[in-house]
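One structure is given below, encoded as structure tokens.
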Protein chains: 2
Amino acid sequence: MSLRIDASRKIVIENVYPELDCGRYAVKREVGDPLQVRADIYKEGHDAIAAAVRYRAEDEGEWRESRMHFLENDRWGGTFPLERNVRYLFTIAAWTDVFGTWRSDLKKKFDAAQDVASELLEGRRLIADAVERAEGEDREGLEALLRELDATSSQAEQVAVSADDELLELMERWPDRGDLTEHDRTLPVQVDRVRARFASWYELFPRSMSDDPERHGTFDDVIGKLPYVRDMGFDVLYFPPIHPIGLQFRKGKNNTLNAGPDQPGSPYAIGGEEGGHKDVHPELGTLEDFRRLVAAAEEHGLEVALDYAIQVSPDHPYAKDHPNWFYIRPDGTIKYAENPPKKYQDIYPLNFYGEGWEEQWEEWRDVILFWVEQGVKTFRVDNPHTKPVQFWEWMIREVQSEHPEVIFLSEAFTRPKMMRALAKAGFTQSYTYFTWRNFKSEIQEYLTELTQGPMKEYFRGNFFANTPDILPEFLQRGGRPAFMIRAVLATTLSSVYGIYSGFELCENTPMAPRKEEYLNSEKYEIKAWDWDRPGNIRPLITRLNQARREHAALQEYDNLRFYHADNDNILFYGKATADRTSIVFVAVNLDPFQAHEATLWFPLDVMGMGQHDPWEVEELLTDERHFWHGSPQRVRLDPDAPARIYRVRAWRSSEQNFDYFMKPTVVPTPGR
Amino acid sequence: MSLRIDASRKIVIENVYPELDCGRYAVKREVGDPLQVRADIYKEGHDAIAAAVRYRAEDEGEWRESRMHFLENDRWGGTFPLERNVRYLFTIAAWTDVFGTWRSDLKKKFDAAQDVASELLEGRRLIADAVERAEGEDREGLEALLRELDATSSQAEQVAVSADDELLELMERWPDRGDLTEHDRTLPVQVDRVRARFASWYELFPRSMSDDPERHGTFDDVIGKLPYVRDMGFDVLYFPPIHPIGLQFRKGKNNTLNAGPDQPGSPYAIGGEEGGHKDVHPELGTLEDFRRLVAAAEEHGLEVALDYAIQVSPDHPYAKDHPNWFYIRPDGTIKYAENPPKKYQDIYPLNFYGEGWEEQWEEWRDVILFWVEQGVKTFRVDNPHTKPVQFWEWMIREVQSEHPEVIFLSEAFTRPKMMRALAKAGFTQSYTYFTWRNFKSEIQEYLTELTQGPMKEYFRGNFFANTPDILPEFLQRGGRPAFMIRAVLATTLSSVYGIYSGFELCENTPMAPRKEEYLNSEKYEIKAWDWDRPGNIRPLITRLNQARREHAALQEYDNLRFYHADNDNILFYGKATADRTSIVFVAVNLDPFQAHEATLWFPLDVMGMGQHDPWEVEELLTDERHFWHGSPQRVRLDPDAPARIYRVRAWRSSEQNFDYFMKPTVVPTPGR
């Protein structure tokens, strides 16, 4: 009957943070963050315990340790630095602090005037054992203290030696860890580069960069547009697929079927006789032209992001060379994409579990690696929720184990649990429901879920305000004021956001009322944009991107907090860095049609201020400055200036302030 | 670089309920409950999926399956019966519902007037494959449907065959489970007997049952008291330790030290020359007398619970035979219990990790098994938080794998996480902070945590209203009304509770003001109780135990809900069975000094009633009956009748009611 007695868990270690799905998935952090670790750690009786975080980067052999400290209610906390853009592993070790327990008990007994002869003998043994463990100067130090102990027969003097701080320090360096217990699991942390958390994305169609609807744009045309994008302050430049486009069932303007070869077709119908996913559309240029573009972008402080869409047109080489990678009908033909009864005949979906699937998975991974070699480190992934989650998990790990700098953005507008599963599986960033959250309570609820709930550990919401597939109704109906509102929200609610060209020009004509498709969508034709269109909001976008660069509070993701404004049309929120050197508040009138007023209740405690302290306010969109006192502040927001962004700080003495005012305002060089 | 591709997880199964600490520990249920299982289950694309719970009792070889059903938002639910008092295991399996997907897509395409020739060929193949898998009549049935399909060339007719319900049923019985995915873990469920959840405990000191302070009571005296205990309606009779008591450092009245051999000493100073944990105190009787007591108790509908305290007096045989099981001083003597600077010299604590520890652990297990053989199935365990959690986990599993009916009650008044760890480790029931929760908001908060939070899955709070160590201040100051209040709370907030003799007599004299020790505590002397003491509340206790037996709602644990009463002195709550045939509400005036009134807001939706429906109220303490309408009802509660317990039901037609009123009230025979 006897079960084998497993007595390895002498100390309880549980409720470890951060841990995701029992350690099945890695939480995400960025380089330079310290990882805050927490755990419940305790054992029976009244012994003192000690604990440490054990950690290493995945590519390091040696474990390092960082001591943890008791917080309260059996909760312990520790931290270790995340210095590199690699995956880290950590676990927790705990042991009985034998010496600390002995020392503490000794003091209590001695102070109660009890005879401690026996206790002192025990302590001597503990120190003698430590001498055996110790090395170098520490060993000598312990031996010296032992001699000091032995030199006197007075209990009081021996007790004094045992209370010696140096002895404590030495004993803590060479502890008896006989009952060391480790957490059941080793936990992974995916440490990405900072741009995973803080970036501003701009999406454009390279073929439209000719500014001429009759001429297919080239990579060189895109190079010509880099100053435009850079001047607005973006740092990621993203293109829909740049590969050859199929001929069969090619789509035409406004998604018409079978438009013919003179139409450019949809970039998502990938592949033709000119090649597939490792090739570039010949009218865009050559692979060498592309590399030149990547290099030029880098000189402009921009990194290029490519679209990665696992699907092929009927003309793609894979359809000919690897028919078994697809779904085959009984008559041997390949099935095109469907969502019955809808058909998408310009696209073949892939069968991830058919014949030769392992070879297929490796090919899709190699497509990414190919573009990494061309200098691309960021991929926006099209509809990952129609491909197996475990494929993404494998592929992203494959790529990041060699290239940890690679960022994957998940474009999965689907059910919430699948969106979360993809993020857990490894997607660095994800599109969200942001475009459909326009009013106060739904914004507060959704953003609280994203930035303060469990999702914040692994899901980074990239707040694209529009996409080639999504022209939100709010923009259609609200016009220019609505674009300004959404620009402020996107740039300040999340630390990573994007727009698709035309947004800054307030392009808002839909294909039909109540539909989110653009009229004459750039997906099906070459568009020439008037970059100086009257009414454009380029100055606002520029100012917002600049504010993001200048104010560290806006570069964090999970520091968003909502505050009270007494008008349901006015949203009021703030972000601060942990050290409070950067504190930013935003008030937005969400109604594009009408002005509204509200009292904003500033959280003086967060700001570190008392009710009567003066605080300096710099409004970033108007450059107005104020001195305010107290929590409630009244504001009026008009649709033509629907937001205020307040940078606040405590008012300092005139001496400090003189220096401050004499310094020129520094605009940092664009970061990578 | 290549990671081995693990493609075993084709379907995502996550967030499984009930699961405790990643399956490390078992959740608890009772025999006769169905286990409600939930999980998030989904995959990429738009295929339909199917899922099942796989389960078996730990001692069964074969897994059984129970199909799950889609609830909403990717959440699936299933259930399986917990028929026996053993540990069960379950997991979840999911697979693509290939036929269901095909059938659904076919219908959509056909209804859209598309050519479905190819689809029909695919479907035929699916049915043909199922024929190969099927057996017996089902195989014949499928073959017949296949012939029907082949018999016609009309697409419409073939579509009709494919929509056939019989075909669907057969295909669901013989599914293609090629991509079957199982949950990462198998999850345990500890299924205890019903008394683990529903029981009323009475604690007494056998040696006091002589009713004569000069004569040490015997087991026969206890037999004489069985009617007293049974008549009040209890079902578990619990004794402090019944073993020989040590002589060295024996304690005297009111915990005086070194009282001498003529004092009976503390039952917790276990062991003397007459024996140890497997022996009985000679003045109580013999082992055979004890067995007679157990049998007699059973005839009275009572089960005996023993106290299990892992500690010894200096005279215990283990101290002589196994000194290495203890903590030894440098001079070779055994350490007595301490919490510096306090000393407990009549007790030696055990060292669970010293020399011979495995043999020691087995001995402690064998002590339990010894008493199980004497007929005891319930053990109240003294101070388990001073012994290793992993010892309890091992020992309880050892015992329950042979004797799943054994119940362990944890007496750990300690920090909350340790209390929870012991429950997770296997303790069937646990003492709680109940005695220190006397006022409205703290009761609501604590009881909500216990009965509605995560603890409800594994922690059953046994609400002892007093113990030999705890005479709560509320009872000391509040007198008889306070006893009535606490009796109502204990018996109705939890489905398992207890009292220590004297409670029903309103014994409330402390050793000193603000202390929780009884004066002249029964722990240190033989006490003769006046069982008919004036002012006793035996009738109330009796009525409460009877109400618990008659009303199923009071026999459940996690069905407790608090409702609104507009007076902070009046607590209002209710319990209902899932089928709503038993609904009980309780209103208690928590102030023992003063009467209070309140409006009680009855939750008509829970009661299944509309605002104007008449509902019948039976007040269980006064036997008053009313007809009420509407949610708000006014009540006045005096300290001498501080509570009302309302059984409510809808008023029925006179025909049904005639039958109902003519039936005699049934008092069920006491359960086991």
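The values are calculated or read from the model by the stated rules, or taken from the named source; none is laboratory data. Everything numeric in this text was worked out from a predicted model, so none of it was measured. Glycine also receives a Cβ, built like all others from the backbone with ideal geometry; neighbour counts cover every protein chain displayed. These area figures cover heavy atoms from the full protein model, side chains too; ligands, DNA and RNA do not enter into them. Shrake-Rupley method; radii C 1.70, N 1.55, O 1.52, S 1.80 Å.
General observations
The rows are residues; the columns are (1) assigned to a loop (DSSP other than H, G, I, E, B); (2) free of Cβ contacts under 8 Å to residues at least 60 places away in the same chain; (3) within 30 Å of residue A:411 (Cα to Cα).
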{"position": "B:38", "(1), (2), (3)": "no, yes, yes"}
{"position": "B:44", "(1), (2), (3)": "yes, yes, yes"}
{"position": "B:47", "(1), (2), (3)": "yes, yes, yes"}
{"position": "B:51", "(1), (2), (3)": "no, yes, yes"}
{"position": "B:62", "(1), (2), (3)": "yes, yes, no"}
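- Residue B:503 passes every criterion in (1) over 15 Å from residue B:199 (Cβ atoms); (2) assigned to a loop (DSSP other than H, G, I, E, B); (3) open to solvent by 10 Å² or more (accessible area, probe 1.4 Å) apart from (3).
- Qualifying positions in the stretch A:7-43 - within 7 Å of another protein chain (Cβ to nearest Cβ), of a type in the set (D, E, K, R) and closer than 20 Å to residue B:418 by Cα: A:9, A:10, A:14, A:40
- Hits in the stretch B:336-369 - residues which are modelled with pLDDT of 95 or more and among the basic types (Lys, Arg): B:365
- Residue in the stretch B:110-121 that is nearest to the other protein chains (Cβ to nearest Cβ), counting only those that are surrounded by fewer than 17 Cβ atoms within 10 Å (Cβ to Cβ) and closer than 14 Å to residue B:149 by Cβ: B:121
- Meets criteria (in contact with a Cys (Cβ under 7 Å, 6 or more places away or on another chain) and crowded, with 22+ Cβ neighbours inside 10 Å) for residue A:459: no
- Scan of the stretch A:281-307 for residues that are surrounded by fewer than 21 Cβ atoms within 10 Å (Cβ to Cβ) and in contact with a His (Cβ under 8 Å, 6 or more places away or on another chain), ordered by number: A:283
- In the stretch A:176-197, the residues that are crowded, with 19+ Cβ neighbours inside 10 Å and among the aliphatic types (A, V, I, L, M): A:187, A:189, A:191, A:196
- Leading residue by the ranking (surrounded by the most Cβ atoms within 10 Å (Cβ to Cβ)) among those in the stretch B:308-328 that are in contact with a strand residue (DSSP E or B) (Cβ under 8 Å, 6 or more places away or on another chain), more than 14 Å from chain A (Cβ to nearest Cβ) and assigned to a loop (DSSP other than H, G, I, E, B): B:313
- For residue A:130, the requirement of being more than 10 Å from chain B (Cβ to nearest Cβ), surrounded by 20 or more Cβ atoms within 10 Å (Cβ to Cβ) and part of a helix (DSSP H, G or I) is met.
- Those residues of the stretch B:262-276 which are in contact with a Gly (Cβ under 8 Å, 6 or more places away or on another chain) and over 15 Å from residue B:349 (Cβ atoms), in sequence order: B:263, B:265, B:272
- Checking each residue in the stretch A:6-25 for being surrounded by 15 or more Cβ atoms within 10 Å (Cβ to Cβ) and modelled with pLDDT under 95 picks out A:7, A:9.
- Count - residues of the stretch A:329-341 that are within 9 Å of another protein chain (Cβ to nearest Cβ) and not in a loop (DSSP other than H, G, I, E, B): 2
- Residue, nearest to residue B:109 (Cα to Cα), within the stretch B:139-154, restricted to residues that are surrounded by 15 or more Cβ atoms within 10 Å (Cβ to Cβ) and of a type outside the set (D, E, K, R): B:149
- Taking helices (runs of 4 or more DSSP H) as the structural unit, those lying wholly within the stretch A:351-432 and holding at least 1 residues that are at the interface with chain B (Cβ under 9 Å from one of its Cβ atoms) and of a type in the set (Ser, Thr, Tyr) correspond to A:389-402.
- Condition broken by residue A:444, with the remaining ones in (1) open to solvent by 20 Å² or more (accessible area, probe 1.4 Å); (2) within 13 Å of chain B (Cβ to nearest Cβ) satisfied: (2)
- Close pairs (7 angstrom Cβ cut-off, 6 or more residues apart or separate chains): modelled with pLDDT under 95 in the stretch B:643-657, of a type in the set (Gly, Ala, Ser) anywhere: B:650/B:608
- Within the stretch B:281-304, if we keep just the residues that are touching a residue at least 40 places away in the same chain (Cβ under 8 Å) and in a loop (DSSP other than H, G, I, E, B), the residue that is nearest to the chain's Cα centre (by Cα) turns out to be B:302.
- Qualifying residue in the stretch A:99-109 (condition: of a type in the set (Val, Ile, Thr), within 14 Å of chain B (Cβ to nearest Cβ), closer than 25 Å to residue A:11 by Cα and open to solvent by less than 80 Å² (accessible area, probe 1.4 Å)): yes
- Residue check for residue A:561: open to solvent by 40 Å² or more (accessible area, probe 1.4 Å), of a type outside the set (A, V, I, L, M, F, W, C) and not in a strand (DSSP E or B): no
- Residue match in the stretch B:347-362 (condition: closer than 23 Å to residue A:120 by Cα and touching a residue at least 60 places away in the same chain (Cβ under 8 Å)): yes
- Residue match in the stretch A:604-622 (condition: open to solvent by 10 Å² or more (accessible area, probe 1.4 Å), among the polar types (S, T, N, Q) and free of Cβ contacts under 8 Å to residues at least 24 places away in the same chain): yes
- Scanning the stretch A:488-517 for residues that are under 20 Å from the mean Cα position of the chain (by Cα) and closer than 21 Å to residue A:237 by Cβ returns A:490, A:491, A:494, A:495, A:496, A:497, A:498, A:499.
Here's the yes/no breakdown for (1) under 30 Å from residue B:402 (Cβ atoms); (2) open to solvent by 20 Å² or more (accessible area, probe 1.4 Å); (3) not β-branched (Val, Ile, Thr):
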| site | (1), (2), (3) |
| --- | --- |
| B:35 | yes, no, yes |
| B:42 | no, no, yes |
| B:51 | no, no, yes |
| B:63 | yes, yes, yes |
| B:77 | no, no, yes |
| B:93 | no, no, yes |
